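> Below: one structure in structure tokens.
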Amino acid sequence: MYFRDRFEAGQFLAEKLHHFAGRPDVLVLALPRGGVPVAFEVAKALHAPMDVFLVRKLGVPGHEELAMGAVANGNIVILNDEVTKSLRIPDDVIETVARQERETLTRQRQMYRDDKPASAVRDCVVILIDDGLATGSTMRAAVAALRKQRPKRVIVAVPVGAPDTCAAISGIADEVLCAIRPEHFMAVGAWYDDFSPTSDQTVRALLDEASHWTQAETGGSSR
């Protein structure tokens, strides 16, 4: 099965999460940027508030598509030891990349939220969404950072994922929904007809629209 784009993938994923619809304790969090269109469709279908959870992949220098780890808000750093050790990546190189990605996190926080506080997750059922799971480094960092904020449950949901990675993530999340687990996974983008990058402008527009429907459903109060 192939998805036309991330929005269609989100609609497909929302059908698998329909039992969370209308619950006041549910919060949908997207990993930017690619997870935002997916999460937008899920949040809309579930009538749930939506926000981004800021986390950045640490790409191997010269081969940035290969993740050697990830960083998230709260000074959370998750490393893929298999990658860093097999490629013998020095600590100073890892720290340089991590510093650069932390700076990007700061810029994203300003761009997406105007430096407004992130949504409170304490005692919430958090549905954490990305457009797919490959190595899982970014998702591991996100789950680790979320745990520090004491949500009621952390549910990882993606339209497609590598079977081994989905199984590994199930060891740190309360529930994992990988809607499709292809035996021959290859890469996340291989399962989308349109896997073009999601722009910052699109992220901001979708967050603004989600904020408007949340305020309309709650009479203008914060959920």
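Read the figures in this text as sums done on the coordinates, not as results from a lab. Worth saying up front: this structure is predicted, and the values here are computed from it rather than measured. Glycine gets a Cβ as well: all are built from the backbone with ideal geometry, and neighbour counts include every protein chain shown.
> Which cysteines in the chain lack any other cysteine whose Cβ sits under 4.7 Å from their own Cβ?
Result for the chain is 124, no neighbouring Cys Cβ within the cutoff.
> If I stretch the segment between residue 187 and residue 208 completely, what's the gain in nm (0.36 nm per residue apart, minus their alpha carbon distance), one decimal?
Details: separation 21, 0.36 × 21 = 7.56 nm, distance 3.03 nm.
Using 0.36 nm per residue and subtracting the Cα-Cα distance, I get 4.5 nm.
> Net charge near residue 110, counting Lys/Arg +1 and Asp/Glu -1 over other residues with Cβ under 14 Å of its Cβ? Walk me through the intermediate numbers first.
Numbers: positive: 102, 107, 109, 113, 116, 204; negative: 103, 114, 115, 200.
Net local charge, residue 110 excluded: +2.
> As I understand it, the dipole of the chain uses +1 on the Cβ of Lys and Arg and -1 on the Cβ of Asp and Glu, about the Cα centre. Which of 125, 187, 169 lies farthest toward its positive end?
Going by the Cα projections, it comes out as 125.
> Just to confirm a number: summing +1 for Lys and Arg and -1 for Asp and Glu over residues other than residue 134 whose beta-carbon lies under 14 angstrom from that of residue 134, what do you get?
Around residue 134, the charge tally is -3.
> Of 93, 206, 29, which is farthest along the charge dipole of the chain in the positive direction, counting Lys and Arg as +1 and Asp and Glu as -1 at C-beta?
The one lying farthest along the dipole's positive direction is 29.
> Count the DSSP beta bridges whose two residues both fall in the chain, then state the antiparallel fraction as a percent rounded to the nearest 5.
Details: 10 of 30 bridges.
Looking only at bridges with both residues in the chain, the antiparallel portion is about 35 percent.
> Could you work out the local net charge near residue 76, counting Lys and Arg as +1, Asp and Glu as -1, over the other residues with Cβ closer than 10 Å to its Cβ? Let's see the in-between values first.
On the way: positive: 140, 147, 148; negative: none.
Charge balance near residue 76 sits at +3.
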